[in-house]
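A short reminder: the numbers here are calculations on the coordinates, not readings from a lab. Model, not experiment: these values are computed from the prediction. Counting neighbours? That spans all protein chains shown, and the Cβs are built from the backbone with ideal geometry, glycine included.
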Amino acid sequence: WSPREQDVVYRVLVPLNPPPGHAFHLELNSAGQMAARTFGVRVELVCTCKREQLGQKLLCFLHHSQEELRRKQKPSLLETLCTGSYLDVEKTSHWFYQLVRCSWLHLPQSYSWHLVFQPCSRSCQFQLSKGKKSLMVEMLFGVRQGDSDIFVVSQPTEAQKGGSSVFVSRQPAEADFIPSTAWPETYAVAEVKFFQHIARQVPCESLHLKCLQVFTCILRGTGFSSSTWKTVVMHVLTTVPLSRWRRREFERRLWDIMAYLRRCLQLKRLEHFVLGNERLPAEISLPPAMRTVEPLNLFEHLARDPAAHREAMRAYGQLRFR
């Protein structure tokens, strides 16, 4: 979704599964804050001899000779998409970019739509245009954590880029560098499932998204990020009965959202919506450790820095005036 139709970007998550003869193992790179963790995706070769006995023509990377493998089978991921033993984001993105470029020529849409790739090392981005119509697409790559709705992805989130708010001093530029074998953790799929859960229950399914859209449109220059507003709106959706999200109550819900933000700023505490949230719908699957973790305070920096807190309160007053 986007608050302005002219700059909308369609983001698609492409889940990656290990091909035959391979297994993925997620390894935490550093403890850090839960919401800013990165993982390495270690690639391990596994025996496929049993598949060959069952009639599948698949050579085993572990037990067949290198010469036979070179003649009859494509190389392993360790030779193509890895750096050392770890899946490389940049190599994976480049490989997928080549696939899209070749596949596009075989689609009937290629005769009427113009495709232009955008430079990006950690995702596959392109623009499609047809006359005056134009749209941007970004394809992200992810590896699922077990059978949960939590993924590690190729592109860092807004919060991991330092975009949770501008009321915090910037880190040195080198802190923005992410190694090509680092995969940031994302809660985006769990959030999407939450909005789908809400849409099935609210009287007017677009109203809560309109609230989010309105605030995102007017927050420019205030210092509050779109991820902050999304978190606030999700919390309000779990505190205000869903029967009250009718179109005629649109203005009241806007003020509910403002009031919730004001309380969070006064308390210098905005809890992460997924981590440690007991109100999260049961249909959203999390790794067991995430349901019992202490809720993460996204406004912790405001408690540490009085100047940043004063600036946030000033920005809230400006937003209220708007």
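Per residue and in cubic angstrom, what volume does the convex hull of the Cα atoms of region 172-266 have?
Details: hull volume 12.6 nm³, N = 95.
Expressed per residue, the convex hull around the Cα atoms of region 172-266 is 132 Å³.
Taking 0.36 nm per intervening residue step and subtracting the Cα-Cα distance, what contour gain separates ILE218 from GLU251 on full extension? Write out the running numbers ahead of the final one.
Details: separation 33, 0.36 × 33 = 11.88 nm, distance 1.50 nm.
Using 0.36 nm per residue and subtracting the Cα-Cα distance, I get 10.4 nm.
Pop out the Kirkwood hydrodynamic radius of region 201-321 from its pairwise C-alpha distances, inverse of mean 1/r, in Å to one decimal.
On the way: mean 1/r = 0.0649 Å⁻¹.
Hydrodynamic radius (Kirkwood, Cα only) of region 201-321 equals 15.4 Å.
For region 245-255, in order, what is each residue's ³J(HN,Hα) by Karplus, 6.51 cos²θ - 1.76 cosθ + 1.60 with θ = phi - 60°, in whole Hz (x at glycine and Pro)?
Going residue by residue, I get 9, 9, 4, 6, 9, 4, 5, 4, 5, 4, 6 Hz, with x marking Gly and Pro.
Quick one: Karplus J couplings for region 181-187, per residue in order, coefficients 6.51, -1.76, 1.60, θ = phi - 60°, nearest Hz, x for Gly and Pro?
Running phi through 6.51 cos²θ - 1.76 cosθ + 1.60 with θ = phi - 60° gives 9, 9, 10, x, 7, 9, 10 Hz.
Can you list residues whose amide H is under 5 Å from PHE39's amide H, if they're 5+ apart or on another chain and H is modeled 1.01 Å from N?
Under 5 Å from the amide H of PHE39: ASN29, TRP183, GLU185.
Mind ranking 38-45, 20-27 by how tightly packed they are, going by the mean number of other C-beta atoms within 10 angstrom, highest first? List each step's numbers first, then the result.
Numbers: 38-45: 18.6, 20-27: 14.5.
Descending packing order for the listed peptides: 38-45, 20-27.
What ranking do 303-310, 184-191, 145-152 get when scored by the average of other Cβ atoms within 10 Å per residue, highest first?
Numbers: 303-310: 13.8, 184-191: 20.8, 145-152: 17.4.
The peptides rank, most packed first, as 184-191, 145-152, 303-310.
Please list the non-local residues whose amide H lies under 5 Å from the amide H of VAL14, H modeled 1.01 Å from N, same-chain partners needing a gap of 5 or more.
LEU140, PHE141, GLY142
From the backbone phi of region 91-101, what are the Karplus-calculated ³J(HN,Hα) couplings (6.51 cos²θ - 1.76 cosθ + 1.60, θ = phi - 60°) in whole Hz, Gly and Pro given as x?
Each residue of region 91-101 in turn: 5, 5, 5, 5, 4, 5, 4, 5, 4, 5, 4 Hz.
Given a Förster distance of 22 Å, report the FRET efficiency between LEU105 and SER129 from their Cβ-Cβ distance, rounded to the nearest 0.05.
On the way: r = 17 Å, r/R0 = 0.76.
E between LEU105 and SER129, to the nearest 0.05, is 0.85.
Select from HIS309, PHE250, SER225 the residue farthest towards the positive end of the dipole of region 214-322; place +1 on Cβ of Lys and Arg, -1 on Cβ of Asp and Glu, and compute about the Cα centre.
Value computed over the given set: PHE250.
Region 227-322: which GluC sites (Glu not before Pro) are DSSP loop and have at most 11 other beta-carbon atoms within 10 angstrom?
Working: sites: GLU249, GLU251, GLU271, GLU278, GLU283, GLU300, GLU311; in loops: GLU278, GLU283.
Qualifying residues, ordered by number: GLU278, GLU283.
For the pair ALA259 and HIS25, how long in nm is the line joining their label points, each one 7 Å along Cα→Cβ?
5.3 nm
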